[in-house]
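J.: Sharing a structure below in structure tokens format, with a few things to ask.
The values are calculated or read from the model by the stated rules, or taken from the named source; none is laboratory data. Note that the structure is a prediction, hence the values are computed from the model and not measured. Methodologically, a virtual Cβ is constructed for each residue, glycine included, from the backbone with ideal geometry; neighbour enumeration extends over all protein chains shown. Quick note on the areas: whole protein, heavy atoms, side chains included, nothing else; ligands and nucleic acids left out. Shrake-Rupley method; radii C 1.70, N 1.55, O 1.52, S 1.80 Å.
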Amino acid sequence: MPTLLLVAAPPASSALWTDVVDRLTSHGIRSRAIEFWDPAPADASVDGLAARLVDEIESTEGEVVVVAHGTAVPIAREAAARTSFAGLVLTNGPFDALDPATRALAGLARSPPPLAATLPHPA
């Protein structure tokens with residue numbers, strides 16, 4: 001069975017995965033959360049963090065599946081272009097650009113409060 005490397009990036013941290021790692025471990029699944037921000041990285045760019053993820057992947061014995069959440073998605077995609085591993089799961093994050101529905105919801109969040117409060121709850 002592969003090792004799951006669980007990756008999150010700001011505004012989340014590896015704490016996002018703490019309960020998940022505990023549950024997976026209790027079922028005999030090897031997993032660990034990768035922390036990019038403690039200590040703070042020398043290179044916080046996507047390229048720099050992808051290099052750090054590649055190091056984690058390559059130092060893990062056996063097959064690896066990377067699970068990336070949020071803003072870690074571009075980091076995981078870049079790591080996948082640099083090294084091979086068994087699998088990549090991308091969750092809830094920006095791939096290349098915001099899709100139209102997400103862009104509209106983000107715009108709504110920036111609209112005046114009465115409009116933002118009214119539109120999701122019509123009479």
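J.: When residues of the range 51-74 are filtered for being aliphatic (A, V, I, L, M) and within 8 Å of the chain's Cα centre (by Cα), how many remain?
T.: 4
J.: With the range 29-95 as the region, which strands (runs of 3 or more DSSP E) entirely inside it contain at least 1 residues that are in contact with a His (Cβ under 9 Å, 6 or more places away or on another chain), without any contact (Cβ under 8 Å) to a residue 40 or more places away in the chain and surrounded by 12 or more Cβ atoms within 10 Å (Cβ to Cβ)?
T.: Fully inside the range 29-95 and qualifying: 87-91.
J.: Give the residue that is modelled with the highest pLDDT, with candidates limited to residues of the range 1-13 that are open to solvent by 30 Å² or more (accessible area, probe 1.4 Å) and within 11 Å of residue 37 (Cα to Cα).
T.: Ranking the qualifying residues of the range 1-13, first place goes to 13.
J.: Can you confirm whether the range 15-33 contains a residue that is closer than 13 Å to residue 75 by Cβ and either of a type outside the set (D, E, K, R) or over 12 Å from the mean Cα position of the chain (by Cα) (or both)?
T.: Here is the first cut: in the range 15-33, the residues closer than 13 Å to residue 75 by Cβ are none.
The answer is no, given that none of the residues of the range 15-33 is closer than 13 Å to residue 75 by Cβ and either of a type outside the set (D, E, K, R) or over 12 Å from the mean Cα position of the chain (by Cα) (or both).
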